1. Restricting the calculation to Cα positions, tell me the Rg (one decimal) and the Dmax (whole number) of the chain in Å.
2. Tell me whether segment 6-105 comes out rounded, prolate or oblate; compute the Cα gyration tensor, take square roots of the eigenvalues as a ≥ b ≥ c, and use a/c under 1.5 as the rounded threshold.
3. Which of the peptides 198-205, 154-161 is most tightly packed, and how do the rest follow, judged by the mean count of other Cβ atoms within 10 Å per residue?
4. Quick one: angle between helix 50-106 and the longest Cα principal axis of the chain, in degrees between 0 and 90, rounded to 10, please.
5. In degrees between 0 and 90, to the nearest 10, how far off the longest principal axis of the chain does helix 149-162 point, with axes built from Cα atoms?
6. Could you count how many Lys pairs in segment 109-244 have their Cα atoms under 18 Å apart, skipping same-chain pairs fewer than 8 positions apart?
7. Report, to two decimal places, the Cα Rg of segment 109-244 normalised by 2.2 N^0.38 Å (N = number of residues).
8. Please compute the net charge surrounding Leu22, taking Lys and Arg as +1 and Asp and Glu as -1 over other residues with Cβ under 13 Å from its Cβ.
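Throughout, read-outs are computed from the coordinates displayed, never taken from laboratory work. What you are looking at is a predicted structure, and each value in this text was computed from that prediction instead of being measured. Note that each Cβ is placed from the backbone with ideal geometry, even for glycine, and that neighbours are counted across all protein chains shown.
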Amino acid sequence: MPTIDRQELDRLERRNLQLTILSAVFVLVLAGGLASFMYPLVFDHPVGNNWHMRVAFYGFCVLTPLFVGYLFDRQRTFTKLKQHVIAELERNVALQIQASTDLLNTMPDQSHFWDRLSMEFRRALTMEKTMSLVLAKANAHSRSAVSDRKAAVSDAAKAISKRLRPTDSVYHLADDLFAIVLPETDTLNAKRIAVRLQEGLQDVRAKYGLIFDLTAHNYPDHVKSSHELEDIVKSLLPEEEEKKWQAPAEVPVG
């Protein structure tokens, strides 16, 4: 959804107010000058039907402040419209943040991840197929510069979920770590998916400055057992999370 620059709106409002004041002054000066020339012809030296001249003069005097009032009413309408647009924009942004937060809160965590990882590894081992795991972790240098980190991670979860295949699954393992399980995916396709996810995360980087590093790990190219995959994941987890969760037992090859 396109965004609106509030500073640009404020600048347009100031320019519109300046133009309104300038137009009102211009109209009043011209109307005052014209009225001063009309007054002698209407009251001091009337020509023709004096009544018609006076009606025209008074009508002109009434129309002038009405037109000036219209100019300032237009300015008030513009201000109200700007406030309405900003209110709707803030409401839409709040709804987007809430939707992203809800998605993040409902995303499966480590308790589901370890079971799914073990199951997919057993399936790949039994059926002699490949499987891949993509890990997306927030860059350590960018995390400290993000003011609203929860909103950034929520938007990242939404961006990742939108670019997965139906067979893939994503898990929120820690505050800044996501794991994407890719069944029956070789190394090349896993890297392609990682590139696609990185492209989706560009909006998060541009909006919040939060950068995610993505790595792809494949069985059997990179690891030979589920224990190796689990060690890779646990090496990226915060220390307290690593102690809290215990992965299932290793699934040996052969």
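1. Expressed in Å, the Cα Rg and Dmax of the chain come to 33.9, 118.
2. Numbers: a/c = 11.38, a/b = 4.09, b/c = 2.78.
Prolate, because a/c is 1.5 or more and a/b exceeds b/c.
3. Values: 198-205: 16.4, 154-161: 22.2.
By packing density, highest mean first, the sequence is 154-161, 198-205.
4. For helix 50-106, the angle is close to 10 degrees.
5. 70
6. Pairs that pass both the separation and distance tests number 16.
7. On the way: Rg = 14.6 Å, N = 136, 2.2 N^0.38 = 14.2 Å.
For segment 109-244, the normalised Cα radius of gyration is 1.02.
8. Working: positive: Arg14, Arg15; negative: none.
Counting the neighbours of Leu22, the net charge comes to +2.
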